[in-house]
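Asks: Right, I'll just put the structure down here and ask away after.
The values are calculated or read from the model by the stated rules, or taken from the named source; none is laboratory data. Because the structure is a prediction, the values reported are computed rather than measured. Positions of Cβ are backbone-derived with ideal geometry, glycine not excepted, and every protein chain shown enters the neighbour counts. Side chains are part of the model used for accessible areas, which takes the heavy atoms of the whole protein and leaves out ligands, DNA and RNA. Shrake-Rupley method; radii C 1.70, N 1.55, O 1.52, S 1.80 Å.
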There are 2 protein chains.
Amino acid sequence: LYALAKRVLDELQTAGLTLTTAESCTGGLISSALTEHAGSSAVYLGGVIAYSNHVKTALLGLDDALIRDFGAVDARVARVMAEGAARAIGADIAVAVTGIAGPSGGTPQKPVGLVYVAVVSSTGCEVEELRLEGDRRRIREQSAERALEMVLECVARDARDRL
Amino acid sequence: LYALAKRVLDELQTAGLTLTTAESCTGGLISSALTEHAGSSAVYLGGVIAYSNHVKTALLGLDDALIRDFGAVDARVARVMAEGAARAIGADIAVAVTGIAGPSGGTPQKPVGLVYVAVVSSTGCEVEELRLEGDRRRIREQSAERALEMVLECVARDARDRL
C-alpha cells in the first residue's frame, strides 16, 4: 500500500493533478498511506473520513434520502461521495470508498466484503463493485489498494484524453 | 497506536461520548488506527484530513487570516481546527493535530518535529506543544499517540466534571 501510494503521488505530480479522498470503511488507510510520503502535500490536498452518515451528508453534501433509500454501501452513494469531496476540496481527482469491512454489519443482500470504489475526474466517473474476502484488516487493505489502482487508471485516462 | 486506539474507543463507549478528528501532519494515522477496530463507528463519527490550507478553511471554517498571520502550525490553528471539526461533525470531543513531520518544511522558528495537538469538549480546550525527534514516520506516530492520550485525559476530565 505504501509503495502503491508513492506511485500514485509520482503519477499525479507528473500529470499536474491534485487528489482528494472520501473514505468510509477504509477510515483513513488511503490518506495515511499517501501522507506517509514526504512532499505528498504537493498533490494530495486532504479529504474526509465519512464514517458516520452525518459526515456524508454534512461535509460531502449527500442527500439523506439517498442513504435512506439505498443504504450507505451503494454504488450511487460512492459516486456522490467522490463528487462531493471533489467539489468541497477543489481537487482534480476524488476517490471514495464505502463498504462493509465486518466482522458484523453484513446482510444476505450486502455481505461483509461488499465494497464500492468511485473515482471522479474531469473525464468522468468510474465505479467498481468489489466482493472481497478475509478479515476486517484484509478487506480494508484490499479496498485501499484497489482505490489507489483506480486513481492510477484515472490519471492514465486523463493523460490519453489530453492528447 | 492500535492498542491505544482500542482503549480510547472503550473509554468513549463507557462515557457515552463521540469523537471526531482533524488531522494535518498525521494525515489519517489517528482515524485509521481507530477504524481498524470493529464497532468503532459507535463512537467515532469520522473526521477531516486537513492537509492543505484550503481544507482547513473550507471544511473546518478556519479564517484565512489566522493561517496567514500565524502559519498553519500554530496552537491557535490547532484549537480552531478542533472546534471546527466538533461543530461540523457534531461530536462531543474533537482532536486536532497540526505540525511539521519533515524532512523538509522546517524553519529556525518552527523546526521539524514541532507539533500542536488540541482537544476540545464541553469542559473546555487543551492545547499542547510537542517538540518531537526522529524521522517523518516516528514524528507522525508520536503525534498520533499523544493525540489519543489527550483524548483519554479529556474523557477522564469530563467524567470528573459530571460527578
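Asks: Mind listing P(r) for region A:1-66? All alpha-carbon pairs, 10 Å bins, whole percents.
Replies: 22, 45, 25, 9, 0
Asks: Would you mind listing the distances between the A:R160 label point and the same position in each other copy? Use 7 Å along Cα-to-C-beta, nm, one decimal, shortest first.
Replies: Nearest to farthest, the other copies are at 6.2 nm.
Asks: Check each of the GluC sites (Glu not before Pro) in region A:66-163 and keep only those in coil by DSSP with at most 16 other C-beta atoms within 10 angstrom; list them in order. It would help to have the intermediate numbers written out before the result.
Replies: On the way: sites: A:E83, A:E126, A:E128, A:E129, A:E133, A:E141, A:E145, A:E149, A:E153; in loops: A:E133.
Answer in residue order: A:E133.
Asks: Moving on. Hey, for B:A65 with labels 7 Å out along Cα-Cβ, what do the inter-copy distances come to in nm, ordered shortest first?
Replies: When each copy's label point is compared with this one, the spacings are 4.1 nm.
Asks: May I pose another question? Within 10 Å of each Cβ in B:16-29, how many Cβ atoms from other chains are there, averaged over the peptide?
Replies: Per-residue shielding by partner chains comes out at 4.
Asks: Next question, about the same structure. Accessible area per residue of region B:107-163 at 1.4 Å probe, in Å²?
Replies: 52 Å²
Asks: Once the mean 1/r over all distinct Cα pairs of chain B is inverted, what Kirkwood radius in angstroms do you read off?
Replies: Answer for chain B: a Kirkwood hydrodynamic radius of 15.5 Å.
Asks: Now for a different question. Around A:L62, under 12 Å between beta carbons, what's the net of Lys plus Arg minus Asp minus Glu among the other residues?
Replies: Within the 12 Å Cβ shell, the charges total 0.
Asks: Let me ask something else about it. Which value, in square angstrom to the nearest 100, describes the accessible area buried between chains A and B on both sides, using a 1.4 angstrom probe?
Replies: Counting protein atoms only, the buried area is about 2400 Å².
Asks: Under 12 Å between alpha carbons, and skipping anything fewer than 8 positions from B:K56 in its own chain: which aspartates and glutamates qualify?
Replies: Cα-Cα hits under 12 Å: B:E23, B:D64, B:E83.
Asks: Given the rotation that superposes chain A on chain B, what residue of A brings its beta carbon nearest the axis, and what is the distance in Å?
Replies: A:G28, 2
Asks: Select from A:A72, A:A91, A:L60 the residue farthest towards the positive end of the dipole of region A:29-163; place +1 on Cβ of Lys and Arg, -1 on Cβ of Asp and Glu, and compute about the Cα centre.
Replies: Final value for the positive-end residue is A:A72.
Asks: Follow-up question, since we're still on this one. Give the average, rounded to an integer, of partner chain Cβ atoms located within 10 angstrom of each Cβ in A:37-46.
Replies: Mean number of neighbouring Cβ atoms from other chains: 5.
Asks: Can you give me the % of accessible surface on region A:112-155 that is carbon or sulfur? Probe 1.4 Å, all protein chains present, nothing else counted.
Replies: Accessible surface attributable to carbon and sulfur in region A:112-155 totals 38 percent.
Asks: Starting from the Cα coordinates of the protein assembly as shown, work out the convex hull volume and express it per residue in Å³. Walk me through the numbers before you get to the answer.
Replies: Working: hull volume 40.7 nm³, N = 326.
Spread over its residues, the Cα hull of the protein assembly as shown gives 125 Å³ apiece.
Asks: List the distances, in nm and shortest first, from the label point of A:R137 to the matching label points in every other copy, placing each point 7 Å from Cα along the Cα-to-Cβ direction.
Replies: Nearest first, the other copies' label points are 1.6 nm away.
Asks: Now a separate question. About its Cα centre, what dipole magnitude does region A:19-163 give when the only charges are +1 on Lys and Arg Cβ and -1 on Asp and Glu Cβ, stated in debye to the nearest 20?
Replies: Rounded to the nearest 20 debye, it is 180 debye.
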